[in-house]
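I have placed the structure first, in the form of structure tokens, so that the comments after it can refer back to it.
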Amino acid sequence: IQVRASDIYGNEGLATSNNFSITDNTPPTVSVDTPSNGSIGEIITLTWTADDNTGLDQHRIYYANDNNFVLIDSVEANVFGYNWVTPNVVTDSARIRVETFDIVGLVNSDTSSGFSIVDGILPDITVIAPSSGSSIPEYQDLTVSWDASDNIEMDSVRIYFSNDGDSGFTLMGQVPDPNSEYVFAVPSGVTDSAQVRLVAVDIYGNEGQ
């Protein structure tokens, strides 16, 4: 700081202070864009804008589907986007928070509005029995067994039967998960190309066969 003093005759004297520090007490600004709705396992690009009067240091990205935010990753100061793989969660209230730090450690944050993550992953199902080459008489009980799984939760399995595959499959029954076996009487019709089709349904209506 320099002070100048003048008398009534125009004479001036001045004095200059010693050097002292001025610290930054202005936190950065940050604004998070609300992501578009997505499906489990889909890549969503998260974006935000940020600025600071001195300089940015880094950004930390968080995700929550309730009030508990979990760190996704941190990125450098000049990065304002992140490709995020959506987690194995179904929600209509997912949110993204970005914390931005400046070069002196001041921090500010912003949180997106809620967006949805849906389940679009089909259940997996494998027929265990009957196996290829097996044989059964007409009108006898056929035991069908399988192994089924889903990324969230299974609902049920539908069992279909066909004498030749070309004429279509007939629904023989449906059982809730975790049943893994079903018995039905084989209808009339001699054939060497009978088939069983199983359709696994998860709690969100996705079907795998």
Exercise. Using mean Cβ contacts within 10 Å as the protection proxy, how do 103-112, 117-126 order, highest first?
Worked result: 117-126, 103-112
For this session: Using θ = phi - 60° and the Karplus relation 6.51 cos²θ - 1.76 cosθ + 1.60, list the HN-Hα couplings for segment 42-49 in order, rounded to whole Hz, with x at every Gly or Pro.
Result: 7, 8, 10, 8, 8, 9, 7, 10
Exercise. What area, in nm² and to one decimal, does the C-alpha convex hull of segment 70-209 cast on average over all directions?
Worked result: 12.1
Seminar exercise, completed: Taking placed amide H atoms and a strict 5 Å upper bound, the residues 5 or more places from S39 or on another chain that come that close are V118
Seminar exercise, completed: Burial-style ranking of 194-201, 137-144, average other-beta-carbon count within 10 Å with highest first, yields 194-201, 137-144
Exercise. Is segment 135-191 best put as rounded, prolate or oblate by its Cα gyration tensor, with a ≥ b ≥ c the root eigenvalues, rounded for a/c under 1.5, and otherwise prolate when a/b is larger than b/c, oblate when not?
Worked result: prolate
Seminar exercise, completed: Phi-derived 3J(HN,Hα) across segment 123-137 with the Karplus relation (6.51, -1.76, 1.60, θ = phi - 60°), rounded Hz, x for Gly and Pro, is x, 9, 9, 10, 6, 9, 9, x, 9, 4, x, 6, 9, 8, x
Exercise. Which order do peptides 4-12, 49-57, 28-36 fall in by mean Cβ count within 10 Å, highest first?
Worked result: 28-36, 49-57, 4-12
For this session: Between I96, I61, I136, find the one with the highest GNM mean-square fluctuation for the chain; connect C-alpha pairs within less than 10 Å.
Result: I136
Problem set entry | ³J(HN,Hα), Karplus 6.51/-1.76/1.60, whole Hz, each residue of segment 139-150, x for Gly, Pro | 6, 8, 6, 9, 9, 9, 10, 7, 10, 10, 8, 8
For this session: Sort out for me the Cα centre separation of segment 2-49 from segment 125-170, rounded to whole Å.
Result: 69
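Computed from the coordinates by the stated procedures, all read-outs in this text should not be read as laboratory data. Nothing here was measured: the structure is a model prediction, and the numbers come from that model. No Cβ is skipped: glycine too gets one built from the backbone with ideal geometry, and neighbour counts run over all protein chains shown.
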